[in-house]
Amino acid sequence: MRTVSHCLVDTLAAHGISRVFCVPGESYLGLLDALHGRDDVDTVVCRHESGAGFMALADARLTERPGVALVSRGPGASNASIAVHTAQQDGVPFILIVGQVPVSCVRRDAFQEIDYGRMFGGIAKWVAEVTEPERIAETMLRALRVAASGVPGPVVIAIPEDILTAPCAAAAVAPQPPVRAAPAPSDLVALGEWLRDAQRPLVIAGSGLERTGGSETLCAFAERWQVPVMVSFRRHDLFPNAHPLYAGDLGLANPERQLAVLRETDLLLVLGARLSDITTQGYTFPRLVRPEMRVVHVHADPAVIGTHFSADLGIGCDPVMLMNALAAPSPWAGPVRETWTGRLREERDRIRAPRHFDVDDGVPFERVVIAVGEHLAPDGIVTLDAGTFGAPAYRVIPFAPPQRMLAPIAGAMGFGVPAAVAASLRHPQRQVVCLVGDGGFLMTGSELAVAIERRLPLKVIVSENHMYGSIRIHQERDYPGRVNGTTFANPDLAAIGAAYGFAVTRIRTIDELDRLPAALTADGPQFILVESSVAAVLPRRPAEPVERSQ
Ligand SMILES: Cc1ncc(C[n+]2csc(CCOP(=O)(O)OP(=O)(O)O)c2C)c(N)n1
């Protein structure tokens with residue numbers, strides 16, 4: 001018998017969604033049954049719903065299709081909520097399907113019931129509850145459209161268990177062509193003139209370019225117009241970081257000296273970025289609400305244009321389409337803006353210069369990160385968790401497309417390992433390296449079980465410092481010497497890595513760093529446990545500036 005669940009699964013398959021991530025629940029057994037025996041939709045069994053959600057987000061970023069996680073009602077949905085929040089902040093298309101209590105129990109405070117509209121109302125783009133079988137097709141159509149359009153984001157669909165198994169004759173929903181808005185010809189002319197005339201232009205490139213052809217088009221555009229490029233928060237893989245036109249990233253640690261130069265920009269061209277808190281340095285670059293320079297904001301979602309910073313020109317279209325339109329027809333032969341780009345490069349290089357650490361309590365993790373950069377395959381994928389260990393990764397790894405950097409824009413701990421598992425599952429031939437702290441590893445490290453099951457050749461590097469370092473740094477600065485709630489004891493992490501079937505390499509001292517290249521380039525799964533220096537990251541004196549991290 002064809003059921004609602006079959007219509008749902010057929011619709012996912014029709015949209016090229018070939019993998020779903022789940023932790024099972026009795027509330028959606030009918031859906032699991034509809035997935036049984038399907039070789040076009042792979043069911044990945046996870047160990048925690050946050051892991052399932054994070055895997056779906058990483059998969060979405062790599063496939064450019066909505067990530068899908070299936071979870072049970074109440075407890076399962078609660079565990080998955082971190083992925084809903086992360087999808088919203090990271091702008092990732094995500095569909096969370098929740099098995100709901102039977103229709104007869106809905107809104108009666110039944111066992112494990114939640115009103116998902118209220119629960120996710122503030123963080124999901126749309127929340128639906130399907131209480132009539134014939135509405136599944138319409139719900140899926142809208143869910144897929146909403147998740148992937150504008151600023152992509154999370155959609156939650158709750159489906160009562162008896163609706164999932166109800167008869168449903170509806171055919172799979174076929175994919176719709178994307179909705180495309182084209183830039184107005186007069187806007188292209190104006191932007192072309194402004195770009196030609198600008199002396200100190202700057203592009204801020206954001207997530208709207210994270211798609212096939214996005215970084216190539218950006219690179220060609222930057223070279224053609226000789227305009228330097230900065231990337232928005234944690235989008236380092238959009239532009240070759242060693243390129244002479246790369247001006248760096250806007251993140252948690254931009255020094256005032258660099259910002260002073262950036263404020264001299266006379267044309268800020270924002271391509272596919274939302275201009276959120278961190279990218280804009282707490283809404284100070286550009287100036288709120290009337291920027292000090294001319295601003296052109298291009299985004300597929302017109303709703304994000306001119307909402308904090310007034311734009312001289314707002315263009316609601318795909319930024320890749322805009323760049324292609326501006327590239328035609330004849331090449332621009334204006335002067336190379338070498339002085340300007342040279343000053344930006346100088347700031348970039350000052351930030352990226354490796355630091356010297358005079359410490360004897362372990363390995364400054366920056367040294368590990370430098371080695372990762374040196375031994376990253378040309379198409380390697382780095383996944384990051386949140387924590388102070390990650391701060392150097394945003395400075396010293398010279399990412400270049402098609403290399404990828406998957407880091408939680410929302411700063412969610414627990415993202416790194418599941419993201420690496422999903423990346424390796426999607427691209428088993430590519431080198432996948434996960435950087436994670438001991439705090440984050442103990443949140444979702446259990447997803448390495450999926451790596452065993454699927455024989456994934458992951459490289460996991462754990463920075464062990466027995467503390468929630470990132471928070472401890474803030475604590476030490478704000479409450480010197482009053483350590484509370486930020487340190488912890490660890491189980492034997494090397495034994496845990498071995499128990500998951502990984503070859504284990506321990507690095508306790510700087511001298512032992514020479515073990516790293518072999519582990520990073522070995523064929524099979526590798527677990528690299530680094531005894532990280534605390535002294536290298538903590539302020540030596542109160543009030544000493546520290547590198548901000550999350
Ligand atoms: C889910 C979640 N909980 C708490 C935080 C706050 N937080 C940010 S970084 C951090 C510490 C990370 O510790 P660890 O993974 O050991 O890395 P380290 O900072 O020591 O390098 C914490 C607790 C967060 N970002 N996400």
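Cβ contacts < 7 Å: first residue charged (D, E, K, R), restricted to region 37-54; second residue open to solvent by 10 Å² or more (accessible area, probe 1.4 Å) and not in a loop (DSSP other than H, G, I, E, B), any location; separation 6+ or different chain. Result?
Asp40/Ala13; Asp42/Arg19; Arg47/Ser446; Arg47/Ala449; Glu49/Asn79
Condition first: of a type in the set (A, V, I, L, M) and either within 16 Å of the ligand (Cβ to nearest atom) or closer than 27 Å to Ser207 by Cα (or both). Now tell me which residues in region 42-76 satisfy that.
Val44, Ala52, Met55, Ala56, Leu57, Ala58, Ala60, Leu62, Val68, Ala69, Leu70
Among the residues of region 477-493, is any more than 12 Å from the ligand (Cβ to nearest atom) and surrounded by 22 or more Cβ atoms within 10 Å (Cβ to Cβ)?
no
Out of the residues in region 227-268 meeting the condition of being more than 19 Å from Pro392 (Cβ to Cβ) and among the acidic types (Asp, Glu), tell me which one is least open to solvent (accessible area, probe 1.4 Å).
Asp266
Need a quick list: strands (runs of 3 or more DSSP E) entirely within region 204-315 having at least 1 residues that are of a type in the set (D, E, K, R).
Because the criterion is at least 1 residues that are of a type in the set (D, E, K, R), the strands (runs of 3 or more DSSP E) in region 204-315 that meet it are 246-249, 294-298.
Taking Pro392 as the residue in question, decide whether it is surrounded by fewer than 24 Cβ atoms within 10 Å (Cβ to Cβ) and modelled with pLDDT of 95 or more. Lay out the reasoning, then the answer.
Details: surrounded by fewer than 24 Cβ atoms within 10 Å (Cβ to Cβ): no; modelled with pLDDT of 95 or more: yes.
So Pro392 does not fit the description; no.
For residues that are in a strand (DSSP E or B) and either of a type in the set (Phe, Trp, Tyr) or surrounded by fewer than 24 Cβ atoms within 10 Å (Cβ to Cβ) (or both), tally how many sit in region 21-63.
Qualifying residue count, region 21-63: 5.
Look through region 360-401, keep the residues that are assigned to a loop (DSSP other than H, G, I, E, B) and over 21 Å from Leu529 (Cβ atoms), and return whichever of them is nearest to the ligand (Cβ to nearest atom).
Checked region 360-401; the qualifying residue nearest to the ligand (Cβ to nearest atom) is Phe399.
Listed residues Gly439, Gly485, Gly469, Gly524; which is farther than 30 Å from Asp42 by Cα, small (Gly, Ala, Ser) and in contact (Cβ under 8 Å) with a residue 60 or more places away in the chain?
On the way: Gly439 fails: in contact (Cβ under 8 Å) with a residue 60 or more places away in the chain; Gly485 fails: in contact (Cβ under 8 Å) with a residue 60 or more places away in the chain; Gly524 fails: farther than 30 Å from Asp42 by Cα.
So the residue among Gly439, Gly485, Gly469, Gly524 that is farther than 30 Å from Asp42 by Cα, small (Gly, Ala, Ser) and in contact (Cβ under 8 Å) with a residue 60 or more places away in the chain is Gly469.
Residue-by-condition table, conditions (1) open to solvent by less than 50 Å² (accessible area, probe 1.4 Å); (2) farther than 24 Å from Ala181 by Cβ; (3) among the hydroxyl-bearing types (Ser, Thr, Tyr):
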residue: Gly121; (1), (2), (3): yes, yes, no
residue: Val127; (1), (2), (3): yes, yes, no
residue: Glu134; (1), (2), (3): no, yes, no
residue: Ala137; (1), (2), (3): yes, yes, no
residue: Ser149; (1), (2), (3): yes, no, yes
residue: Pro152; (1), (2), (3): yes, no, no
residue: Pro160; (1), (2), (3): yes, yes, no
residue: Leu164; (1), (2), (3): yes, yes, no
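Is there any pair with a first residue in region 381-410 that is at negative phi and a second that is hydroxyl-bearing (Ser, Thr, Tyr) and within 8 Å of the ligand (Cβ to nearest atom) whose Cβ atoms are under 6 Å apart and which are 6 or more apart or on different chains, and what are they?
Thr388/Ser470; Thr388/Ser549; Phe389/Ser463; Ala391/Ser549
Just for region 402-420: of the residues that are surrounded by fewer than 24 Cβ atoms within 10 Å (Cβ to Cβ) and within 23 Å of Leu456 (Cα to Cα), which one is farthest from the ligand (Cβ to nearest atom)?
Pro402
Please indicate, with yes or no, whether at least one residue in region 460-471 is in a helix (DSSP H, G or I), touching a helix residue (DSSP H, G or I) at 6+ places or on another chain (Cβ under 7 Å), within 11 Å of the ligand (Cβ to nearest atom) and open to solvent by less than 50 Å² (accessible area, probe 1.4 Å).
Yes: one or more hits.
Inside region 100-113, can you point out the residues that are of a type in the set (Val, Ile, Thr) and open to solvent by less than 40 Å² (accessible area, probe 1.4 Å)? Please lay out each step first, then the result.
Narrowing region 100-113 to residues of a type in the set (Val, Ile, Thr): 101, 103, 106.
Once the filter is applied, which keeps residues that are of a type in the set (Val, Ile, Thr) and open to solvent by less than 40 Å² (accessible area, probe 1.4 Å), region 100-113 yields Val101, Val106.
Can you tell me which residue within region 269-301, out of those that are open to solvent by 30 Å² or more (accessible area, probe 1.4 Å) and touching a residue at least 40 places away in the same chain (Cβ under 8 Å), is nearest to Gly214 (Cα to Cα)? Reasoning before the result, please.
We begin by selecting, within region 269-301, every residue open to solvent by 30 Å² or more (accessible area, probe 1.4 Å); these are 274, 276-278, 281-284, 287-290, 292, 294, 300-301.
Then keep just the ones that are touching a residue at least 40 places away in the same chain (Cβ under 8 Å); that gives 274, 276, 278, 294, 300-301.
Details: Arg274: 16, Ser276: 20, Ile278: 22, Arg294: 24, Ala300: 13, Asp301: 17 Å.
That would be Ala300.
Examine region 511-524 for a residue that is within 15 Å of the ligand (Cβ to nearest atom) and either under 19 Å from Glu374 (Cα atoms) or in a helix (DSSP H, G or I) (or both), and state whether such a residue exists.
There is no residue in region 511-524 that is within 15 Å of the ligand (Cβ to nearest atom) and either under 19 Å from Glu374 (Cα atoms) or in a helix (DSSP H, G or I) (or both).
Do the conditions hold for Pro480, that is, is it in a loop (DSSP other than H, G, I, E, B) and farther than 19 Å from Ala386 by Cβ?
Answer is yes for this residue.
Can you report the number of residues in region 445-459 which are in a loop (DSSP other than H, G, I, E, B) and either touching a Cys at 6+ places or on another chain (Cβ under 8 Å) or within 16 Å of the ligand (Cβ to nearest atom) (or both)?
1
The values are calculated or read from the model by the stated rules, or taken from the named source; none is laboratory data. Bear in mind the structure is a predicted one, so any value in this text is a computation, not a measurement. No Cβ is skipped: glycine too gets one built from the backbone with ideal geometry, and neighbour counts run over all protein chains shown. Calculation scope for accessible area: heavy atoms of the full protein, side chains included, ligands and nucleic acids excluded. Shrake-Rupley method; radii C 1.70, N 1.55, O 1.52, S 1.80 Å.
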